[in-house]
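The values are calculated or read from the model by the stated rules, or taken from the named source; none is laboratory data. Being a predicted model, the structure only gives us computed values, none of them experimental. Note that each Cβ is placed from the backbone with ideal geometry, even for glycine, and that neighbours are counted across all protein chains shown. For the accessible areas, the whole protein counts, side chains as well, though only heavy atoms, and no ligand, DNA or RNA atoms are used. Shrake-Rupley method; radii C 1.70, N 1.55, O 1.52, S 1.80 Å.
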Amino acid sequence: PKVGAGEVLLRVLSLGLCGSDLATFRGQNPMVVYPIIPGHEIAAEIVAPGEPNAGLTPGMLVTVLPYTACGSCPSCRAGSRNACRDNRTMGVRRPGAATELIVVPVQDIVTAEGLSVDQITCIEPLAVGWHAADRARVARGDVVLAMGCGVVGLGAIAACAFRGAEVIAVDIDDAKLERARRLG
């Protein structure tokens with residue numbers, strides 16, 4: 001792909017498979033405009049930073065914010081770009097990252113130097129869980145029931161524990177429960 005003004009060319013190093021990607025593959029995601037390349041949980045390296053480059057350089061490790069935002073609708077003005085009325089999420093309303101090279105807007109780049117490729121791939125789903133705890137205004141002394149200990153659930157569990165809540169984690173998969181225990 002060609003890099004335009006305000007865009008960055010990335011080489012995808014790792015791709016997490018979200019439940020929405022599985023639904024997309026099965027033709028069961030009503031939000032998807034087919035045909036589509038899925039994928040939005042990624043670790044990537046910058047190939048070409050484009051202009052203006054915001055201090056980005058080739059070889060930097062990054063992930064991306066997978067949503068587009070108009071900047072002017074009520075959700076965007078309230079700081080909820082993920083709920084933008086014109087949102088075109090990667091792998092849903094625009095091509096995703098299940099490919100070698102992608103181009104994304106420079107403002108969607110999140111630098112991740114110092115993290116491993118596997119850790120970077122988990123940023124987006126962990127952030128979804130963290131966002132849920134934020135939206136719920138979880139605070140010290142709260143008791144929280146986390147239904148599911150996948151990556152999103154682990155993000156919610158970590159965020160709730162960080163805020164001082166007592167967390168009860170539930171899952172039907174013993175391995176996921178054990179991972180949640182190991183992570184505290």
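Key figures
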read-out: Subset of the range 135-155 that is surrounded by fewer than 16 Cβ atoms within 10 Å (Cβ to Cβ) and assigned to a loop (DSSP other than H, G, I, E, B) - its residue that is farthest from the chain's Cα centre (by Cα); value: Gly141
read-out: Hey, Ser80 under 28 Å from Cys149 (Cβ atoms), small (Gly, Ala, Ser) and open to solvent by less than 50 Å² (accessible area, probe 1.4 Å) or not; value: yes
read-out: Options Ala69, Ala48, Ala78, Ala23; residue that is farther than 23 Å from Val152 by Cβ, of a type outside the set (Val, Ile, Thr) and over 14 Å from the mean Cα position of the chain (by Cα); value: Ala48
read-out: Any hit, the range 94-103, residues being in contact (Cβ under 8 Å) with a residue 60 or more places away in the chain, open to solvent by less than 60 Å² (accessible area, probe 1.4 Å), out of contact with any strand residue (DSSP E or B) (no Cβ under 7 Å at 6 or more places or on another chain) and not polar (S, T, N, Q); value: no
read-out: Close pairs (6 angstrom Cβ cut-off, 6 or more residues apart or separate chains): over 12 Å from Thr99 (Cα atoms) in the range 27-50, surrounded by fewer than 19 Cβ atoms within 10 Å (Cβ to Cβ) and basic (Lys, Arg) anywhere; value: Val33/Arg93; Glu45/Arg11; Val47/Arg11
read-out: Residue under evaluation Ala69, criteria (1) crowded, with 20+ Cβ neighbours inside 10 Å; (2) of a type in the set (A, V, I, L, M); (3) farther than 23 Å from Met31 by Cα, criterion not met; value: (3)
read-out: Unmet requirement for Glu51, which otherwise passes all of (1) under 26 Å from Leu115 (Cα atoms); (2) in a loop (DSSP other than H, G, I, E, B); (3) touching a helix residue (DSSP H, G or I) at 6+ places or on another chain (Cβ under 8 Å); (4) open to solvent by 20 Å² or more (accessible area, probe 1.4 Å); value: (3)
read-out: Residue count for the range 12-47, restricted to those that are surrounded by 15 or more Cβ atoms within 10 Å (Cβ to Cβ) and either part of a strand (DSSP E or B) or among the aromatic types (Phe, Trp, Tyr) (or both); value: 12
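For (1) part of a strand (DSSP E or B); (2) more than 22 Å from Thr57 (Cβ to Cβ); (3) of a type in the set (Ser, Thr, Tyr), each residue gets a yes or a no:
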residue: Gly79; (1), (2), (3): no, yes, no
residue: Asn82; (1), (2), (3): no, yes, no
residue: Thr99; (1), (2), (3): no, yes, yes
residue: Leu115; (1), (2), (3): no, no, no
residue: Leu126; (1), (2), (3): no, yes, no
residue: Ala133; (1), (2), (3): no, yes, no
